[in-house]
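Following: one structure in structure tokens, then a few remarks.
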Amino acid sequence: MFFALWPQAKARQALHKLALGIQPLCKGRVMVADNLHLTLLFLGEVERTRLPQLMQIAGNVSAPAFAFALDKLAFWRHNRIAYAAPQVTVPALVELASALRQQLKGAGELEKSEKFAAHVTLIRNAAKALESQAITPIAWAADSFVLVESVSTEKGVRYQILHKWPLNVSGGE
């Protein structure tokens, strides 16, 4: 399970189109369009009995709605991932991820967490890493965050939204 920002349809389509466009160059497996997301905090395996408490804790997070752009294509060679990301730090995005982490740590629900790196995975198992490059900006309006469960199906892994929390519209840009 993980907390994430979930893109609106227009951003999702643009990200999927980008992934399809670079796949012939770097090979690898294009992420399913419906699975595209920006992870705020990875939880790992979570017992179902903990879900109510996790949802309550996440409900205590208060953050403004905000907008940003994914305008960079880059690769992580060590885990063979092609991803889209903002070229500059988005303070509201970092603050949201940090607020979630602090709430869960404070409640004893977070044993460890990785450093936050804002990105949307486009391709897994890339055989060739391309040079990082600027891309046509893909606008993303963050008006909520979600708790997501990874579900194995006959057709592969699908991400299922378990709960959605709105961000404060009055505090946004």
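The values are calculated or read from the model by the stated rules, or taken from the named source; none is laboratory data. Quick caveat: nothing in here was measured; it's all calculated off a predicted structure. Cβ placement follows ideal geometry from the backbone for every residue including glycine, while neighbour counts extend to all protein chains displayed.
Just checking, does the range 98-109 include any residue being in contact with a helix residue (DSSP H, G or I) (Cβ under 7 Å, 6 or more places away or on another chain), of a type outside the set (Val, Ile, Thr), in contact (Cβ under 8 Å) with a residue 40 or more places away in the chain and more than 25 Å from residue 60 (Cα to Cα)? So far as the range 98-109 goes, no, none of its residues is in contact with a helix residue (DSSP H, G or I) (Cβ under 7 Å, 6 or more places away or on another chain), of a type outside the set (Val, Ile, Thr), in contact (Cβ under 8 Å) with a residue 40 or more places away in the chain and more than 25 Å from residue 60 (Cα to Cα). For the range 77-89, does any single residue satisfy the condition of being touching a Lys or Arg at 6+ places or on another chain (Cβ under 8 Å), of a type in the set (Val, Ile, Thr), touching a residue at least 12 places away in the same chain (Cβ under 8 Å) and closer than 28 Å to residue 14 by Cβ? For the range 77-89, residues touching a Lys or Arg at 6+ places or on another chain (Cβ under 8 Å), of a type in the set (Val, Ile, Thr), touching a residue at least 12 places away in the same chain (Cβ under 8 Å) and closer than 28 Å to residue 14 by Cβ: present. Could you please let me know if residue 129 is hydrophobic (A, V, I, L, M, F, W, C), modelled with pLDDT under 95 and farther than 17 Å from residue 86 by Cβ? Yes, satisfied. Looking at the range 111-136, which of its residues are surrounded by 15 or more Cβ atoms within 10 Å (Cβ to Cβ) and either over 17 Å from residue 77 (Cβ atoms) or touching a Gly at 6+ places or on another chain (Cβ under 8 Å) (or both)? Passing the criteria: 113, 116, 118, 120, 123, 126, 135.
Would you confirm whether any residue within the range 9-18 is loosely packed, with under 15 Cβ neighbours inside 10 Å, more than 15 Å from the chain's Cα centre (by Cα) and within 17 Å of residue 157 (Cα to Cα)? No.
For the range 62-97, the set of residues classified as closer than 17 Å to residue 147 by Cβ and within 17 Å of the chain's Cα centre (by Cα) consists of 63, 96, 97, listed by residue number. Taking every residue in the range 1-14 that is under 14 Å from residue 33 (Cα atoms) and aromatic (Phe, Trp, Tyr) and pairing it with any residue that is at pLDDT 95 or above and crowded, with 20+ Cβ neighbours inside 10 Å, at least 6 positions away or on another chain, the pairs with Cβ-Cβ distances below 7 Å are 6/37. Every listed requirement among (1) surrounded by fewer than 20 Cβ atoms within 10 Å (Cβ to Cβ); (2) over 16 Å from the mean Cα position of the chain (by Cα); (3) under 13 Å from residue 145 (Cβ atoms) is met by residue 50 save one, (3). Quick check: anything in the range 139-152 crowded, with 18+ Cβ neighbours inside 10 Å and under 13 Å from residue 73 (Cβ atoms)? No: the range 139-152 contains no residue that is crowded, with 18+ Cβ neighbours inside 10 Å and under 13 Å from residue 73 (Cβ atoms).
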